[in-house]
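Please read the structure below before turning to the comments.
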Amino acid sequence: MSTLEAKMKIDLNDQQSLWIGLRAGEEPALFNLYKQLYNPLFNYAFILFKERENVEDAINQMFLELWENRLSLKPVSNVKSYLFTYLRRKISREKAVINRAVLPTVETFERSIMDYIIELQVEEELRDSIFKAINKLTGRQKQLIMLRFYEDLEYTEISEKTGLATQTVYNNIHQAIKILRTDLKIPMYILIWLLKR
């Protein structure tokens, strides 16, 4: 046992004592902090960032930085909380640097603009097709589709607004959707998604 451990009576299970030992330059304190907190730090960072290798590297780098800067470390009241915050900020900074370094080229930017324009055109064509198909529905079906998907009303609200029974509202909307699906030849989930936009 070193003289510092003997003087301070470091409890290797007490994170506060380990922090004091780390600040005093005691390697066992660093290793025991690492051993105690590696798994909780890993689990916390992995939930946030989902990149196993980067999380492992960041934890190891963090403990190395703590050791290198041990003489300038300040006392902390909650070691675990301090290290969690330190690690989260460290990984966030590293991700920000990587994101800044990967700037899109002019070609990538132009391609993404073209993709967006094409996507808008396709969506607009689909929307036009939907409106044409809606106009083929009966007046009641058209009204109920508009209330359900464009005004975002629930079946009971539509029933109150139109005076129709809730089951009648449901049946009419269901029948209208079947007609639209057949006419447009698109899957139900795409139709519903487009109607809600």
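Each value in this text was obtained by applying a stated rule to the coordinates, not by laboratory testing. Treat the numbers as computed from the prediction; the structure is a model and nothing was measured. Counting neighbours? That spans all protein chains shown, and the Cβs are built from the backbone with ideal geometry, glycine included.
Of note:
- Proximal aspartates and glutamates to Lys161, defined as alpha-carbon separation beneath 15 angstrom and excluding residues fewer than eight positions away on the same chain: Glu151, Asp152
- 17 Å cut-off, amide nitrogen to a point 7 angstrom out along Asn135 Cα→Cβ, residues in the range 168-190: 180, 183-184
- Theoretical gain in end-to-end length, Asn54 to Arg88 [0.36 nm per residue, Cα-Cα removed]: 11.0 nm
- Extension gain, Glu154 back to Ile118 (0.36 nm per residue minus Cα-Cα distance, nm): 9.6 nm
- Per-residue HN-Hα couplings for the range 30-47 [Karplus 6.51, -1.76, 1.60; θ = phi - 60°; Hz; x = Gly/Pro]: 4, 5, 6, 4, 4, 4, 6, 9, 4, 4, x, 5, 4, 4, 4, 5, 5, 4
- Footprinting exposure proxy for Arg70, Arg89 (fewest neighbouring C-beta atoms within 10 Å first): Arg89, Arg70
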